[in-house]
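Just so it is clear, none of the values below were taken in a lab; they were calculated from the coordinates. From a predicted model like this one, the values you see are computed outputs, not experimental measurements. FYI the Cβ positions are ideal-geometry reconstructions off the backbone, even for glycines, and counts take in every protein chain you see.
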Amino acid sequence: MFRLAHISDIHLSPLPAPTLRELISKRITGYINWRSNRKGTMTGTTLDALLADIRELAPDHVAVTGDLVNLALDEELETARRWLQALGDPANVSVVPGNHDAYVPGAFDKVCRSWAPWMTGDGVNSPVDRNSFPYLRVRANVALIGVTTARATAPFMANGFFMEGQAERLGKVLDATAKEGLFRAIMIHHPPVRGAVSQHKRLFGISRFNKVIRRHGAELVLHGHSHLPSLFAIGPRGAKVAVVDRRWLLVGSMNMDGRSARSNTEVGLVIDSADLAEEALVLMNEYWSNSHYRLRLAERDQRVEWVAPDGDGTAVHRAEPYVSWFKRLRLGVMSMFIAEDLL
Ligand SMILES: [Fe+2]
């Protein structure tokens, strides 16, 4: 078993006193904000306890999804570098930058230079820059893929950006690692989910990112930025959870087909608890209703339809979304020769 720890948005404290020259920028608003709100939120004690916990669990790898610093002052970047050094061997710690790490123009490049050992892909010798993302590190059967969304923004803004070039490169990395049969874990600072954070903090390129995931697949996406514990699902694949008659809850990795039941070494746990079943329904309705399709049988011909929220209404698909006509054709042909529960 591969054990992966995830830590994010540590905003290392205390903030060194900035010089007047350093304050003449977006930093002035950030400094006032830090003095009034953030000061003391992540004290050395909290962080020490967190690190002690991670050490005790002895994970195989640690993923750090950005915002290690506050105003990207030179001294902060150096403190963060030393903190990373203490965290572990750069081969076992992977970092992606957050908006605070790229707080002002020029900071992103400094971060790339200073934290390069933690942001360099396997077998890469060239310097780290914006174009070297996403980087890929393979550890055991896990592909750790680091995406950057960090960019200096206007005062009071904390947006992230996922643009076309990186989307294209990410698609290729996902395809290559899928061929190797690896578990693909993407690290990204901004949550690639609509509504996860307020407008001035949102990621530009959510649809683009989701399109890449739907088309090329990924098993796990780790994000930070929101400072909240949250769980979302993207695309047609995901956890297998079913609630039956508001009483039984099925959860696990097992596909609900005959082949998984007989041949695969996977788990499906059936829980007979109306309370838990009800909690799962609330979770599904509150958090997943906007990112999942609801299946139903069409009245006119009893064929399966995929229903998704679309603005104020719903969109109904008569064929499975994001499945190409070629795949449908292939499954159609295969179904003539192979029993349906073995497909
Ligand atoms: Fe952030």
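Annotations for the structure displayed:
- Share of Cα-Cα pairs in segment 293-343 lying beyond 16 Å, as whole percent: 56 percent
- Summarising the label geometry, the points placed 7 Å from Cα in the beta-carbon direction at residue 299 and residue 122 lie 5.5 nm from one another.
- Across segment 168-229, the convex hull enclosing all Cα atoms gives 81 Å³ per residue.
- Gyration tensor verdict on segment 128-266 (Cα atoms; rounded if a/c is under 1.5, prolate if a/b is larger than b/c, oblate otherwise): oblate
- Aspartates and glutamates whose Cα lies under 14 Å from that of residue 240, excluding same-chain neighbours fewer than 8 positions away: 219, 257, 266
- Taking only the Cα atoms of segment 4-223, the ratio Rg/Rh comes out at 0.95, with Rh defined as the Kirkwood radius.
- Across segment 63-134, Cα-Cα pairs farther apart than 18 Å form 29% of the total.
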